[in-house]
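K.L.:
Dropping a structure here in structure tokens format, bear with me for questions.
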């Protein structure tokens, strides 16, 4: 997929997308990969520079503002957790550039131990001041995808202190069924919380620094507290899947909706390769060889 790089003026100088450096490799180790598979998530600091987040974040903010016209107090209960705007790369060339950046895609491929990834879809998540709790849930409940070779990159566009509601992970929960049949909501928050406590799972709820990015598996149970600050909690997410991922027959209405929206024209048993699922490059055997665990 080809698209023209956009530029902006910064302090009188032309700041090109190349200078923003969203394609350069980020070095992972075999221990990073092992930790991701053991815990069900991994967090990495200094993945994206402040100028990168400022540049793309401004455009993401504009798209969210256009999409969300409802005051927080008028939102439904679930929507009060955050404003959710999906697949911005389809509508905006600048955001397309960010989503298709090679750095994050390569990190996803290395963590998944596959030789290439496709984009499943992206989502901007804005938790407004006073925004409520994001209930316990796991993402794979929504995905008609045949294997666990899929993950979500959670990309804060600003630091996320404890009072802003950083993403929380139940460590190691991706290997157990703590509520895989529960969609996000009041019931999932209550039931999965109980099982996390009864199972003795530790919960990672650390603040996120500027430039820090997390990756979590589809079956990893996670949540977030409400935003108790006066600033919006601005997050961009990208879901990456194995480039050879096969679509499975949906087993709930949410998966049927996902199949129709994010995998148009693809049938169960086929590779998830619709026009909305571009490949972000491929890694060779030598690239992955030193990262096997």
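Bear in mind these aren't lab numbers, they're just calculated from the coordinates by the rules spelled out. Remember, predicted model here, so these are calculated numbers, not experimental data. So basically every Cβ, Gly included, is an ideal-geometry build from the backbone, and we count neighbours across all protein chains shown.
K.L.:
By count of other Cβ within 10 Å, fewest leading, how are 221, 215 ordered?
P.N.:
By the 10 Å Cβ count, ascending, the order reads 215, 221.
K.L.:
What shape does region 30-264 have by the C-alpha gyration tensor, where a ≥ b ≥ c are the square roots of the eigenvalues, rounded means a/c under 1.5, and otherwise prolate means a/b greater than b/c and oblate the rest?
P.N.:
rounded
K.L.:
Then there's this: Highest mean first, how do 140-151, 200-211 rank when packing is the count of other Cβ atoms within 10 Å averaged over residues?
P.N.:
140-151, 200-211
K.L.:
How many angstrom lie between the C-alpha centres of region 151-178 and region 220-277?
P.N.:
If we compute the Cα centre of each part, the gap is 16 Å.
K.L.:
For region 84-150, just say rounded, prolate or oblate: build the C-alpha gyration tensor, square-root its eigenvalues into a ≥ b ≥ c, call rounded for a/c under 1.5, and beyond that prolate if a/b exceeds b/c, oblate if not.
P.N.:
The shape class here is oblate.
K.L.:
Further question on the same structure: Going by average Cβ density within 10 Å per residue, which order do the peptides 84-93, 224-233 take, highest to lowest?
P.N.:
Going from most to least packed, we get 224-233, 84-93.
K.L.:
So for each of 242-249, 174-181 I average, over its residues, the number of other beta carbons within 10 Å; can you give me the resulting order with the highest mean first?
P.N.:
So the peptides 242-249, 174-181, ranked by packing, come out 242-249, 174-181.
K.L.:
Can I ask one more? Pairs of Cα atoms under 8 Å, at least six residues apart: use those to get the relative contact order of region 30-264, whole percent.
P.N.:
So the answer I get is 33 percent.
K.L.:
Sticking with this structure for a sec: Between residue 67 and residue 133, what is the label-point separation in nm under the 7 Å Cα-to-beta-carbon projection?
P.N.:
2.5
K.L.:
Quick one: length gained pulling residue 197 to residue 246 fully straight, 0.36 nm per residue minus the C-alpha distance?
P.N.:
14.2 nm
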